[in-house]
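Below is one structure, written out as structure tokens; the observations come after it.
We did not get these values from a lab; they are worked out from the coordinates using the rules stated. All of these numbers come straight from a predicted model, not from anything done at the bench. So basically every Cβ, Gly included, is an ideal-geometry build from the backbone, and we count neighbours across all protein chains shown.
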Amino acid sequence: MNIDTEAQARMQFVLALRARGVTDHAVLTAMEATPRDRFLDGVFKARAWEDVALPIGGGQTISQPSVVGLMTQALEVNKRCKVLEIGTGSGYQAAVLSHLARRVYTTERHRHLARSAEAVLRSLDRANVTVMPVDGAYGLPEQSPFDRILLTAAAEDPPAPLLAQLSVGGIMVLPVGQSDSVQTLLKVVKTEAGLDYEAMGEVRFVPLIEGMAED
Ligand code: SAH
């Protein structure tokens, strides 16, 4: 893509995000600053600025940008936040979060995805992100509590170990439901009194799977 076409594609990208309800200025700026093509391979690079989910290997997908935007917006991240992401995939969502948070930990059960995400994040100088090749279903107890937790793989219910690792005043955003059907995006807020739940619309994610992948 030449520079003009690329600039135009990026502008269209931001307009598409806005049209789908991503209106938070900091989130839009973070997404504009994150080159999605770097997280994609081969023929898919050319489609990086389209608002579509795309394959990234290992049968996994990089999420649709507007869904990344809506989830990031719901997470209400600020510069004081320590964030945990479950499901690094390409590393794109973690890169977006790194512009908004103080510190980002992201976990991935496919070691090869964790390795390539780490390499891209390093090449983009996202120094406040740590990629952990671990089963994220149990969180990262040694780094807890977290101010924000984001799952980018669908669970049947909010995993109890993750709720336990969320700080009071913290926010968790996740897709819940059966893996082969439409899921509900859920926002959970932890207060002194307990947990508040808000359903935020329908999404479709790959399932959260316990244990490390073979590769
Ligand atoms: N956030 C990613 C897209 C995530 S796709 C991006 O920006 O590209 C969901 C990812 O969750 C997949 O890579 C899958 O391997 C991973 N995953 C599923 N179950 C997991 C688990 N228990 N622990 C860690 N990662 C998991």
Provide His25, His112, His99 in ascending order of the number of other Cβ atoms located within 10 Å of each residue's Cβ, fewest first. His25, His112, His99
Virtual spin-label span in nm between Glu198 and Met11, 7 Å along Cα→Cβ: 3.4
Label-point gap, in nm, between Thr23 and Gln143 - each point 7 angstrom along Cα→Cβ: 3.3
What percentage of all Cα-Cα pairs in region 3-203 are separated by more than 20 Å? 53
Exposure-ranked with fewest Cβ neighbours within 10 Å first, Glu210, Glu50 stand as Glu210, Glu50
Pull out the extension gain between Asp215 and Ala53, defined as 0.36 nm times the separation in residues minus the alpha carbon to alpha carbon distance; nm, one decimal. 56.0 nm
Rounded to the nearest 500, what is the 222 nm mean residue ellipticity of the chain from helices alone, with -39500 (n - 2.57) per DSSP H run of 4+ residues and division by all residues? -8500 deg cm²/dmol
Can you give the FRET efficiency for Asp37 and Thr191, using 1/(1 + (r/R0)^6), R0 = 35 Å, r = Cβ-Cβ distance, to the nearest 0.05? 0.30
Computed P(r) (all Cα pairs; region 114-215; 5 Å bins; percent): 2, 12, 19, 20, 20, 16, 7, 2, 0
Given the options Gly169, Ser98, Gln143, identify the residue whose Cα lies farthest towards the positive end of the charge dipole of region 95-215 (+1 on Cβ of Lys, Arg; -1 on Cβ of Asp, Glu). Ser98
To the nearest 20 debye, the chain has a Cα-centred charge dipole, built from +1 on Lys and Arg Cβ and -1 on Asp and Glu Cβ, of 600
